[in-house]
Each structure stands twice: as C-alpha cells, then as structure tokens.
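Enquirer: Quick one: structure below, then a few questions.
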Amino acid sequence: MKTFLLFGLVACLILGTGLLQSWNSALLILNMGLVSAVMALGVNLQWGLAGLFNVGVMGFVALGGLAVVLIAMPPVEEAWAAGGGQILLGLVLGAMTIVAAVLMWSRTSGRVRGWATGGVLLVGVIAYRMVLDPAVDRVEDVNPALAGYLGGLGLPVLIAWPVGGLLAAGAAYVIGKTALGLRSDYLAIATLGIAEIVIAVLKNEDWMARGVKNVIGLPRPVPYEVDLQNDPAFVERAAGFGLDATTASTIYVKIEYGLLFAGVLIILLVLSQLALNSPWGRMMRAIRDNETAARAMGKDVTARHLQVFVLGSAICGIAGAMMTTLDGQLTPGTYQPLRYTFLIWVMVIVGGSGNNLGAVLGGFLIWFLWVQVEPIGQLLMTLITAGMADGSWLKLHLLDSVQHMRLLTMGLILLLVLRLNPRGLLPEK
C-alpha cells in the first residue's frame, strides 16, 4: 500500500504540473524522470545489492551518449578520406602497446621487468603519437565549423542504446579489474577520477565527437514536429482534441519518447527484480553484508564485485544513450561528474537503496523536485518579500538566492530522509 501511495503521489505531482503549468512541461519531467530512474536502477544494483561506492556514474553516462554519435550519425566522407584509416591504425597501435606491456610485465621478473616494460611503453607511445597526431590534425581541419570529426555508422538510433550499455560495460570491466581490489573509499576516489578522464577525453578529442563544439542534429526514433505539423491527417486529429498543430506535435513526440523510455525501464526493472530474488542476488547481498563470511563459504568476492560493477555501469550507459537521444545533441560540457552523480545518489538513498522500486521512485521524485524547486522557490520568495520595500537589500538578496534553492533543497531532503527514515522511503525488505 505504501508503494502504491508513493507512486500515486508522484503521478499526481506530474499531472498537477500538466494542469497548472503545461502538458509539455509535465511530459518533459516524466521523460527525464524515466531516464533518471534507469540511472538510479544501475547505481542501486552496484550499491544496494553489492555495496560498491561508485562516484563515476557520469563517466558511464557520457560513454552512452558517445555511443549515439558513433552509431547513429552518418559518416563524414571527407574526414575519413583525410585520415580516418590512419586514426584507426593509431588506435590499434595504442592497444597493441598496452597488450605488449602487460605481457612483458607478466613474463619477466627482477630488474629487467621494470626496464623492459618501460621500454615497450616508450616505443609504443612514440609510434602511437607519430601515427595518430597528423591524422587527427587533418580530420579536424575538414570543415571544422560543421564537421571536423569522423562521424558514425549511420545506423538506426535505437541500436545505439544497447551499444551504449556495451561501451560502458567494457570501460567498467577495465576499471574494475584495476580498482575493485581497493577499499570502498579508494574505489570512490578512483571512479570519480576515471569519470573526469572520460569526460576530458570527450571534450578534447574533436575527431571523435567534436569535443566542446557539440554534435547537434542527432537522429531521432520518433517523428519530427515539423513533419507532423505538415501532415493534414495529424492536424485534423489535433483539431478534434481542441489543440493547435504546434502544441499537439510537441506533446505527441514527448509521449512517444515516454513510451520508449517506459519500455526500457520496465524491461530493466523486471530483470533487476529477477536477479535480486535469484540465488545470485542472495549471494550478492551476503557478500555485501559480510565479505569475510562469504569468502569462507568459497565465494569469489572480487569476481562477483566485478560482475555487478559491469552490469550496473551498463545500465547507466543505456540511460546516457537515452538522455542524449532525447536531447538531440551530445554536449560533453554538461557532464559534471560530482554534481550530477550526487543527484543520482540522492535518488537512490531517498528512494531506498537495495530496493529496485525504491530507486525508481527516487528517480521520479528527486528529478521532479530538481526541476520544480526553482519556480516554487521564486513564488515563495515573492510572497515572503511582498511586504518589503522595493530596493531593500534583504529583498534583493532573497530574490537573488532563488537560483541556489535546488542544491539547498536536495541537501535538506537528504538530511530529513536520513534522519526520519534512514533506509529510504521504500526500504529494502
């Protein structure tokens, strides 16, 4: 009953937004709430099920966004002709250097090991840069105002969503093999640093996804509003509902996005619930609660941690691809690891870590508050300062502080939940 009431409350908040503000605003909150719920589900899998403190969520979300560019955008033929093949050769050389260094380290010993591995890395890096750098310069010089990158494969954008999950999972595997042996606080520092590295690469490697110039005009899985407005049948149906074509087209597009996102969320939620209630889920909770006892029972704790770390990161990658598709552009400058990772963690903690439904509830509720706190704060401050003299320093200060209401409210909500209900609104059973 509590679960139904809380989800009903969130539904009422979104419906109230549609009635009091606009249905476009309500549907936008709903769609981003669905994406946030998927992100929270991935973090809950890592923290709520396995106790892994991952603070690099935005790095995996950014990799999901990159997958949309690499899969859905058409290839830039001039850029490929200028140096695409040479860039691929440079990347292969870089991968071969890493493999050769690992093999050298594993097959040598003593003083020779360090010198031999260092020599392999030095020679490999020099060859890598000599091949890659000239090709990158030529590619980025191809119509830099509009292109300057290689583009993608030109495939349907929906294919990019699972590919985003695979890309994030691959990165998580590499990171996990290195960092999962660390203590929880060191793991948090490592994942945060790696997220910063991923986003720095996206910002600076223009040949990959235009860097801070952004990739705009990403393909969509739903119709364009202009096409709907030019469709006489759609215009006639919109008039039947008493809507003009412009408003009806934007609402229709957002509803289609919502149905796609809801389908993904339901599939992931069902799979997460099945995993939670399976013997594997019980084993993961046993490892979370007492690693020493789990090891004594013969469980490979590090391997299971790596497994759940990869799965949770893959879900975050899918959410990142969904979010980039909804935005219609890839903007690496908006991925702020510390700020938005904090927001996702608030969703998981407030909803109830260890409970998948709680993570979904937290995703919807916290995103609604994140969007609506500022206009509500503006209204509240206007009412509070209504009796103050115009030009008063206090009135001006209070009105100017509205933009800071978001972070203040998130912190206040987190403190209240932790004080009154430390296990979240829907605690783990």
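The values are calculated or read from the model by the stated rules, or taken from the named source; none is laboratory data. The shown structure was predicted, so the numbers you read here are calculated from the model rather than taken from an experiment. Glycine gets a Cβ as well: all are built from the backbone with ideal geometry, and neighbour counts include every protein chain shown.
Enquirer: Taking the criterion of being within 30 Å of Arg220 (Cβ to Cβ), hydroxyl-bearing (Ser, Thr, Tyr) and touching a residue at least 12 places away in the same chain (Cβ under 8 Å), would at least one residue in region 385-398 satisfy it? Please lay out each step first, then the result.
Expert: So in region 385-398, the residues within 30 Å of Arg220 (Cβ to Cβ) come out as none.
Checked region 385-398: no residue is within 30 Å of Arg220 (Cβ to Cβ), hydroxyl-bearing (Ser, Thr, Tyr) and touching a residue at least 12 places away in the same chain (Cβ under 8 Å).
Enquirer: Of all residues being more than 20 Å from the chain's Cα centre (by Cα) and touching a residue at least 24 places away in the same chain (Cβ under 8 Å) in region 154-186, which is surrounded by the most Cβ atoms within 10 Å (Cβ to Cβ)? Just the residue, please. First the steps, then the outcome.
Expert: The initial filter retains those residues of region 154-186 that are more than 20 Å from the chain's Cα centre (by Cα), namely 154-156, 177-186.
This time we only want the ones that are touching a residue at least 24 places away in the same chain (Cβ under 8 Å), so: 154-156, 177, 180-181, 184-185.
Values: Gly154: 11, Leu155: 15, Pro156: 10, Lys177: 12, Leu180: 19, Gly181: 12, Ser184: 9, Asp185: 9.
The qualifying residue surrounded by the most Cβ atoms within 10 Å (Cβ to Cβ) is Leu180.
Enquirer: Which condition from (1) surrounded by 15 or more Cβ atoms within 10 Å (Cβ to Cβ); (2) farther than 27 Å from Asn356 by Cα is the one that Pro74 breaks?
Expert: If we test Pro74 against (1) surrounded by 15 or more Cβ atoms within 10 Å (Cβ to Cβ); (2) farther than 27 Å from Asn356 by Cα, just (1) comes out false.
Enquirer: Which numbered condition trips up Val136, out of (1) at pLDDT below 90; (2) of a type in the set (Val, Ile, Thr); (3) farther than 27 Å from Gln307 by Cα; (4) part of a helix (DSSP H, G or I)?
Expert: Failed condition: (1).
Enquirer: To continue, here is another question. Among the residues of region 316-323, is there at least one that is free of Cβ contacts under 8 Å to residues at least 60 places away in the same chain and not hydroxyl-bearing (Ser, Thr, Tyr)?
Expert: The initial filter retains those residues of region 316-323 that are free of Cβ contacts under 8 Å to residues at least 60 places away in the same chain, namely none.
No, region 316-323 has no match at all.
Enquirer: While we're on this one: Would you call Val417 within 23 Å of the chain's Cα centre (by Cα), at pLDDT 80 or above and in a helix (DSSP H, G or I)?
Expert: Working: within 23 Å of the chain's Cα centre (by Cα): no; at pLDDT 80 or above: yes; in a helix (DSSP H, G or I): yes.
Spelling it out, it is not the case that Val417 is within 23 Å of the chain's Cα centre (by Cα), at pLDDT 80 or above and in a helix (DSSP H, G or I).
Enquirer: Identify, from the list Gly151, Gly83, the residue that is touching a strand residue (DSSP E or B) at 6+ places or on another chain (Cβ under 8 Å), closer than 26 Å to Val212 by Cβ and either surrounded by 19 or more Cβ atoms within 10 Å (Cβ to Cβ) or modelled with pLDDT under 90 (or both).
Expert: Numbers: Gly83 fails: touching a strand residue (DSSP E or B) at 6+ places or on another chain (Cβ under 8 Å).
Going through Gly151, Gly83 in turn, just one is touching a strand residue (DSSP E or B) at 6+ places or on another chain (Cβ under 8 Å), closer than 26 Å to Val212 by Cβ and either surrounded by 19 or more Cβ atoms within 10 Å (Cβ to Cβ) or modelled with pLDDT under 90 (or both): Gly151.
Enquirer: A further question follows. Return yes or no: is Ile287 over 30 Å from Val201 (Cα atoms), of a type in the set (Val, Ile, Thr), touching a helix residue (DSSP H, G or I) at 6+ places or on another chain (Cβ under 6 Å) and assigned to a helix (DSSP H, G or I)? Show your work before the answer.
Expert: Working: over 30 Å from Val201 (Cα atoms): yes; of a type in the set (Val, Ile, Thr): yes; touching a helix residue (DSSP H, G or I) at 6+ places or on another chain (Cβ under 6 Å): yes; assigned to a helix (DSSP H, G or I): yes.
Taking the combined requirement at face value, the residue satisfies it.
Enquirer: Need pairs with beta-carbon distance below 6 Å; first residue surrounded by 15 or more Cβ atoms within 10 Å (Cβ to Cβ) and within region 202-226, second among the acidic types (Asp, Glu) and outside any loop (DSSP other than H, G, I, E, B); sequence gap 6+ or separate chains.
Expert: Asp206/Glu140; Trp207/Glu140; Val222/Glu256
Enquirer: Would it be correct to say that Gly358 is buried (at least 17 other Cβ atoms within 10 Å of the Cβ), touching a residue at least 60 places away in the same chain (Cβ under 8 Å) and in contact with a Leu (Cβ under 8 Å, 6 or more places away or on another chain)? Break it down stepwise before answering.
Expert: Values: buried (at least 17 other Cβ atoms within 10 Å of the Cβ): yes; touching a residue at least 60 places away in the same chain (Cβ under 8 Å): yes; in contact with a Leu (Cβ under 8 Å, 6 or more places away or on another chain): yes.
It is true that Gly358 is buried (at least 17 other Cβ atoms within 10 Å of the Cβ), touching a residue at least 60 places away in the same chain (Cβ under 8 Å) and in contact with a Leu (Cβ under 8 Å, 6 or more places away or on another chain).
Enquirer: Considering only region 314-326, state which residues are touching a Ser or Thr at 6+ places or on another chain (Cβ under 9 Å) and either of a type in the set (D, E, K, R) or under 15 Å from Gly56 (Cα atoms) (or both).
Expert: Listed by number, the residues that qualify are Ile315, Ala319.
Okay, residues lined up against (1) of a type in the set (Val, Ile, Thr); (2) over 26 Å from Ile349 (Cβ atoms); (3) surrounded by fewer than 21 Cβ atoms within 10 Å (Cβ to Cβ):
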{"position": "Val38", "(1), (2), (3)": "yes, no, no"}
{"position": "Gln46", "(1), (2), (3)": "no, no, no"}
{"position": "Leu49", "(1), (2), (3)": "no, no, no"}
{"position": "Ala67", "(1), (2), (3)": "no, yes, no"}
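Enquirer: Taking region 342-352 as the region of interest, how many residues are surrounded by 24 or more Cβ atoms within 10 Å (Cβ to Cβ) and either within 21 Å of Gly263 (Cβ to Cβ) or of a type outside the set (Val, Ile, Thr) (or both)? Can you show your working first?
Expert: In the first step, residues of region 342-352 are kept if they are surrounded by 24 or more Cβ atoms within 10 Å (Cβ to Cβ); the result is 344, 347-352.
Applying the additional criterion that residues be either within 21 Å of Gly263 (Cβ to Cβ) or of a type outside the set (Val, Ile, Thr) (or both) yields 347, 351-352.
Summing the residues that are surrounded by 24 or more Cβ atoms within 10 Å (Cβ to Cβ) and either within 21 Å of Gly263 (Cβ to Cβ) or of a type outside the set (Val, Ile, Thr) (or both) in region 342-352 gives 3.
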